[in-house]
Amino acid sequence: MRRVLALFLTIILSAIIWQPVAAQSAAVAAALQWVAGQQQADGSFAGFGPGDTADAVVAFVAGGQQPPASAVNYLAGQAASYGTSSAGATAKLILAAVAAGRDPLNFGGVNLARQLGSTYSATTGQYGSDVYGHALALLAIKAMGAQPPAAAIDRLISLQLRDGGWSFDGAAATGSDTNTTALAVMALAGRARAADALNAARAYLRGQQNPDGGFPYSQTSAFGNASDANSTAAVAMAIIALGEDPSGAAWKQGDATPLSALAAFQNSSGAFRYQNAMPDDNALATYQAIPALAGRALPVVTTSIPAAQSLIAPATALPRTAGEAQPVAPLLALAGLLLIVVGKALQRRA
């Protein structure tokens, strides 16, 4: 009888863990199938420009699939134009290139690491002209396995507003938003010097959560505060970067969580809608939802480029820090395996 009970307990606990993982995997697979159908003849993906194609490439890798080579080649063809247009654009191409296993030091004939370094101001410690681009730049540097100047980290921390969030342009008058804040959290995650800033950011994001478990761009936005897929996905990735579970009790609103709220935006086609008031399939919402559903935060890394270190800025780099968040799904899978092992051990003892 004890052996039967031990086996029953193992099966039940394993099912509890594996069921949500399987559901997330099915949702990711359906979303990626829809995304694959959005590719254009030139290799790009439907959207507002190369940045959306970069998001799609990252989504494929985050979802466990190889991105279409034609999409990566399309991005390489944009490196000399889009890739040099701003720090944020350069960073997006680096994130996509590294995710796809391509060398950002020679992507479409452009050394993207050097290009990103050229946008750095030693006077301010900032990459580019806005906070969003600066945070993206720090994520791109992390993706390349390099470290930014200490001043660049300090600059992002100093731009945090009093409510714990960050605004797109760094101005207090603009007001904090969840998207920029989530990006800043992912850029600062794992850095001991940013601990206080990350705690304040977590509190800000928690205060932005809606009763449905999701997040708006901002509770004070002139366009309303309804939850949307993009913002919910961004915050879910920030939560993962903090080492927390976006489906866990700490982020519950009633029975709803950020992950359940995000999953609820998925249409029967596999695509995601932007908001419930806008029910049509939305390409950008889908590209950005996939990494969060797959349990990944930015950067999505398949390789590192150590040679990039000397190119990102002419300044002393920070030492490496530990604490980068790990994907949620693999951790749950490992827990399931451990439960099976424990169950078998109990059977032997019985």
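Quick notes on this one:
- Rg in Å to one decimal, and Dmax rounded to a whole Å, for region 102-250 via C-alpha atoms: 15.7, 49
- Extent of region 44-92 along its three principal axes (Cα atoms, max minus min coordinate, largest first): 30, 18, 16 Å.
- Exposure rank, largest accessible area first [MET186, MET278; 1.4 Å]: MET278, MET186
- Geometric descriptor of region 169-262, per residue, is 88 Å³ (volume of the convex hull of the Cα atoms).
- For the Cα trace of region 72-160, dividing Rg by the Kirkwood Rh returns an Rg/Rh value of 0.97.
- Taken over region 64-119, the convex hull of the Cα atoms encloses 62 Å³ per residue.
- Charge tally in the Cβ shell below 13 Å around SER218, where Lys, Arg are +1 and Asp, Glu are -1, SER218 excluded: -3
- Under 13 Å, Cβ to Cβ, from ASN267 - net charge with Lys/Arg +1 and Asp/Glu -1: -1
- Annotation note: trypsin sites (Lys or Arg not before Pro) in region 134-169 located in DSSP loop regions with a Cβ neighbour count of at most 10 within 10 Å are ARG162.
- Carbon plus sulfur fraction of accessible area for region 119-180, probe 1.4 Å, in percent: 51
- Accessible solvent surface per residue of region 166-272, calculated while the other protein chains remain in place, 1.4 angstrom probe, Å²: 36
- For LEU112, neighbours were defined as the other residues whose beta-carbon sits under 12 Å from its Cβ, and their charges (Lys and Arg +1, Asp and Glu -1) total +2.
The values are calculated or read from the model by the stated rules, or taken from the named source; none is laboratory data. Treat the numbers as computed from the prediction; the structure is a model and nothing was measured. Cβ: placed from backbone, ideal geometry, glycine included. Neighbour counts: every protein chain shown. The area values use the complete protein model at the heavy-atom level, side chains included, leaving out ligands, DNA and RNA. Shrake-Rupley method; radii C 1.70, N 1.55, O 1.52, S 1.80 Å.
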